[in-house]
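Okay, structure first, notes after.
The values are calculated or read from the model by the stated rules, or taken from the named source; none is laboratory data. Fair warning: this is a prediction, and the values are worked out from it, not measured in the lab. Every residue, glycine as well, gets a Cβ built from its backbone with ideal geometry; the counts of neighbours run over all protein chains shown. To get the accessible areas, we keep the full protein, side chains included, count just its heavy atoms, and leave off ligands, DNA and RNA. Shrake-Rupley method; radii C 1.70, N 1.55, O 1.52, S 1.80 Å.
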Amino acid sequence: MRVVETFEATRALSEGRTGLVPTMGFLHEGHLSLIEAARDANETVVVSVFVNPLQFGEPDDLASYPRDLDRDVSLAAEAGADVVFAPDESYMYPVRPKTSVSVAGVANDMEGAHRPGHFDGVATVVAKLLSGVQPNAAYFGRKDAQQLAVIATLVDDLSLPVHIVGLPIVRESDGLALSSRNVRLSPAERARALVLSRSLFEAAGSFEAGESKAGALTGAVRAAIAASGDIEPEYVELARARDAAIVDEAVEGEYFLAVAARVGATRLIDNITLDADHGSADRGIHLTGPSMLYEEG
Ligand code: AMP
């Protein structure tokens with residue numbers, strides 16, 4: 001496994017079919033599931049580790065984002081990566097880029113509405129990574145379901161020659177969706193945060209029992225969160241998976257029921273995929289023990 005800091009070095013190490021897993025580091029089992037999927041389908045697996053300042057609105061969030069490159073390199077190697085591309089900010093943005101990639105519509109609601117500029121930052125860095133690494137396929141988690149729709153739209157609209165793969169959410173055994181930001185939660189906050197996944201699972205149960213209306217599904221999520229006490233969701237929405245369009249009902253195809261909320265100072269997002277063709281929900285992959293996020297040292 002090699003750690004490199006330039007696109008040229010990354011491409012020089014890429015042989016045959018190449019899979020890219022873009023991350024902001026502080027890897028956990030969610031990221032590792034993407035690396036493993038890339039490993040199964042490609043000759044070269046590149047993991048990028050870059051905390052992209054363009055996609056952060058709040059300076060504190062950027063400053064406190066957890067980082068540990070040595071840890072990331074050994075976890076990526078264990079999961080089967082061939083190359084870790086870990087560029088400096090000065091390499092990625094020697095000057096503030098004058099080009100910004102903006103995906104209209106798909107990026108407007110939910111995360112786009114609550115984090116102005118966020119998806120422009122995401123789309124710009126992903127476009128840069130795809131053009132610099134030139135992978136055959138790139139792997140993303142459905143944890144960020146709207147981000148996946150933004151990137152799929154970007155790739156379609158610009159005819160970028162890369163296959164975008166979306167993979168299930170990896171969760172703690174108690175349901176909490178893994179996120180690098182979870183390490184910032186106190187034990188009490190972590191316990192409170194559980195209501196997010198629990199409320200989505202409850203709504204998923206009613207979807208599987210035949211409820212397809214957005215009002216009823218989002219209402220069930222809101223009610224469960226309200227009953228648990230002091231968490232105020234920023235939004236609860238039912239959206240089409242393909243283009244993140246907010247809908248009134250889940251009929252035909254895939255949807256996601258999404259929630260965002262602050263727990264203490266930490267902003268968390270979660271969602272559940274609903275398959276209207278089969279009347280089923282994807283509750284993700286549950287770990288059997290605590291995540292590696294909580295391992296010491
Ligand atoms: P991040 O490092 O948070 O920017 O995430 C990098 C990639 O990992 C994105 O495609 C995320 O959607 C994905 N990811 C993050 N958390 C999870 C999770 N719990 N399960 C699956 N994929 C995830």
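Pick from region 103-122 the residues that are of a type in the set (Gly, Ala, Ser) and farther than 24 Å from HIS28 by Cβ: which of them is surrounded by the most Cβ atoms within 10 Å (Cβ to Cβ)? Only one residue tops the list, namely ALA107.
Report whether or not ALA137 is surrounded by fewer than 20 Cβ atoms within 10 Å (Cβ to Cβ) and closer than 22 Å to ASP282 by Cβ. Taking the combined requirement at face value, the residue satisfies it.
Scanning region 38-50 for residues being in contact (Cβ under 8 Å) with a residue 60 or more places away in the chain and near the ligand (Cβ under 10 Å from one of its atoms) gives a total of 2.
Taking region 1-30 only, how many residues are part of a helix (DSSP H, G or I), in contact with a strand residue (DSSP E or B) (Cβ under 7 Å, 6 or more places away or on another chain) and open to solvent by 30 Å² or more (accessible area, probe 1.4 Å)? The total comes to 2. Could you go through region 225-236 and let me know if any residue there is more than 18 Å from ASP144 (Cβ to Cβ), outside any loop (DSSP other than H, G, I, E, B) and either open to solvent by less than 20 Å² (accessible area, probe 1.4 Å) or touching a residue at least 40 places away in the same chain (Cβ under 8 Å) (or both). For region 225-236, residues more than 18 Å from ASP144 (Cβ to Cβ), outside any loop (DSSP other than H, G, I, E, B) and either open to solvent by less than 20 Å² (accessible area, probe 1.4 Å) or touching a residue at least 40 places away in the same chain (Cβ under 8 Å) (or both): present.
Any idea which residue in region 190-205 is farthest from ARG222 (Cα to Cα), counting only those that are open to solvent by 40 Å² or more (accessible area, probe 1.4 Å) and out of contact with any helix residue (DSSP H, G or I) (no Cβ under 8 Å at 6 or more places or on another chain)?
First, pick out the residues of region 190-205 that are open to solvent by 40 Å² or more (accessible area, probe 1.4 Å): 190-192, 198, 201-202.
When the remaining residues are screened for being out of contact with any helix residue (DSSP H, G or I) (no Cβ under 8 Å at 6 or more places or on another chain), the result is 191-192, 201.
Values: ALA191: 18, ARG192: 15, PHE201: 12 Å.
Checked region 190-205; the qualifying residue farthest from ARG222 (Cα to Cα) is ALA191.
Against the test of being touching a residue at least 40 places away in the same chain (Cβ under 8 Å) and surrounded by fewer than 17 Cβ atoms within 10 Å (Cβ to Cβ), the options VAL251, VAL183 yield a single qualifying residue, VAL183. Across region 256-292, the qualifying residues are those that are in contact with a strand residue (DSSP E or B) (Cβ under 7 Å, 6 or more places away or on another chain), open to solvent by 10 Å² or more (accessible area, probe 1.4 Å) and β-branched (Val, Ile, Thr), and the one among them that is nearest to the ligand (Cβ to nearest atom) is ILE285. Within region 16-34, can one find any residue that is within 16 Å of the ligand (Cβ to nearest atom), of a type in the set (Phe, Trp, Tyr) and closer than 17 Å to VAL170 by Cβ? Yes, that holds for at least one residue.
Looking at SER173, SER159, SER100, just one residue is open to solvent by 50 Å² or more (accessible area, probe 1.4 Å), touching a helix residue (DSSP H, G or I) at 6+ places or on another chain (Cβ under 6 Å) and over 20 Å from ASN42 (Cα atoms), and that residue is SER100. Checked against (1) open to solvent by 10 Å² or more (accessible area, probe 1.4 Å); (2) closer than 22 Å to GLY229 by Cβ; (3) more than 16 Å from the ligand (Cβ to nearest atom), GLU208 passes all but a single condition, namely (2). Only one entry of ALA63, ALA12 meets the criterion of being without any contact (Cβ under 8 Å) to a residue 12 or more places away in the chain, under 30 Å from VAL263 (Cβ atoms) and more than 15 Å from the ligand (Cβ to nearest atom), and that entry is ALA63. Do we have any residue at all in region 140-152 that's among the aromatic types (Phe, Trp, Tyr), more than 15 Å from PRO53 (Cβ to Cβ) and at pLDDT 95 or above? The answer is yes, given that some residue of region 140-152 is among the aromatic types (Phe, Trp, Tyr), more than 15 Å from PRO53 (Cβ to Cβ) and at pLDDT 95 or above.
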